[in-house]
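What follows is one structure encoded as structure tokens, with my remarks underneath.
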Amino acid sequence: MKTIAQQPIGIFDSGIGGTSIWKEIHQLLPQENTIYLSDSKNAPYGQKSTQEIIDLSIKNTEFLIHNGAKIIVVACNTATTNAIEYLRSNYKIPFIGIEPAIKPASLNTETGTVGILATKGTLNSALFEKTTSSLNDEINIIEQVGEGLVELIENGKIYSDEMTFLLKKYITPMLEKKCDYIVLGCTHYPYLLPQIQKITGNKVKIIDSGEAVAKQVKNVLSQNGLLNLNNELPSNTFYINKDKTVLETMLTEYKESKINFLDF
């Protein structure tokens, strides 16, 4: 019988983008069992109302709890900024959220201008407003909704002409305003790093939250005595409620992973 520590880390996202977070967690905590839920049928969350996002987050949370999750990572910026307070208030399990790394960018910028590429749902949220309002007034934040990016990633079109066109459209104005940091405010977007860096060159630093989130997961598990110290080969199970072809492509190097279609 499994101990609580041997139960999986639960992770959910509006789609396959949160696998960028899963990879960081798996790299830092390779002994941990994981269960990942990709709600691709309802992606993107960024265009939905706050109540719709909360309802979807509840459904995802209850699926992961039903499957034995000992902690839940909300690997979606939009779900974090709109729903995590509700989840923490209504479930006893620990939750780790994803917030755009605006603070470290604002502390390190030399030009005083920071760009953020995120979904509409993240940029319009109360939590994002609270975070940005606490920053130095002298820091200029350039907000850009990455409309269409999640859909292209979900459909495996990362290197398409359409993706290149949209990224240039969104990032060029940031460069013209002398941004020296660009924050990726969606867990899908780290998959666009090669494309973005072609546009920005070496003068702009690109920040995402993956490594920091993995460290926070480790800290919370340690504080609660939930680190898995068992030496058995871990189980990494993925569920998706849409065609799993693109997800399989993103996980080709993880041969031990099990990917299941979920009518959800």
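The values are calculated or read from the model by the stated rules, or taken from the named source; none is laboratory data. Just so we're clear, the structure is a prediction, and the values are computed from it rather than from any experiment. Glycine also receives a Cβ, built like all others from the backbone with ideal geometry; neighbour counts cover every protein chain displayed. Note: accessible area is taken over every heavy atom of the protein model, side chains too, but ligands, DNA and RNA are not part of it. Shrake-Rupley method; radii C 1.70, N 1.55, O 1.52, S 1.80 Å.
Numbers below:
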item	result
Label-point separation in nm, Gln31 to Gln197, each point 7 Å along Cα→Cβ	3.2 nm
Rounded Å value of the spacing that divides the Cα centres of region 184-215 and region 18-38	18 Å
Cβ-derived FRET efficiency at R0 22 Å, Asn224 paired with Leu107, nearest 0.05	0.15
Straight-distance crosslink candidates among lysines, where the alpha carbon sits under 20 Å from Lys255 and sequence neighbours closer than 8 are dropped	Lys23, Lys244
FRET efficiency for Lys177 and Ser49, using Cβ-Cβ distance with R0 set to 30 Å, rounded to 0.05	0.45
Listed peptides 181-193, 200-212 by packing density, highest first (mean Cβ within 10 Å)	181-193, 200-212
Among Lys178, Lys23, Lys198: highest mean-square fluctuation, GNM of the chain, C-alpha pairs under 10 Å	Lys198
By average C-beta atoms within 10 angstrom, highest first, the peptides 39-49, 218-228, 251-261	39-49, 218-228, 251-261
Inter-site label distance for Ser133 and Leu233 at 7 Å from Cα along Cβ, in nm	5.2 nm
Lys157 paired with Ala212, simple spin-label distance in nm, labels 7 Å along Cα-to-beta-carbon	3.2 nm
Per residue value of the accessible surface for the chain (all protein chains in place, 1.4 Å probe), Å²	48 Å²
Thr245-Tyr91 FRET efficiency (beta carbon distance; Förster radius 22 Å; 0.05 resolution)	0.10
Cut-off 14 Å between beta-carbons: net charge of the residues surrounding Gln31, Lys and Arg +1, Asp and Glu -1	0
Estimated 222 nm signal from helices in the chain, with DSSP H stretches of n ≥ 4 weighted -39500 (n - 2.57), rounded to 500	-12000 deg cm²/dmol
Rounded, prolate or oblate (a/c below 1.5 giving rounded, otherwise prolate when a/b exceeds b/c) for the chain by Cα gyration tensor	prolate
Reduced Cα scattering model of region 126-264, Debye log10 I(q)/I(0), q = 0.11, 0.15, 0.18 Å⁻¹	-0.60, -1.01, -1.21
nm² value of the averaged projected area, convex hull over the Cα atoms of region 24-149	8.9 nm²
Cross-link reach list, lysines versus Lys178, counting only Cα pairs under 28 Å and skipping chain neighbours closer than eight places	Lys103, Lys120, Lys130, Lys168, Lys169, Lys198, Lys203, Lys205
Proximal lysines to Lys2, defined as alpha-carbon separation beneath 22 angstrom and excluding residues fewer than eight positions away on the same chain	Lys70, Lys92, Lys218, Lys258
Distant-in-sequence amide H partners of Leu37 (H built 1.01 Å from N, under 5 Å)	Ile11, Phe12, Asp13, Tyr239
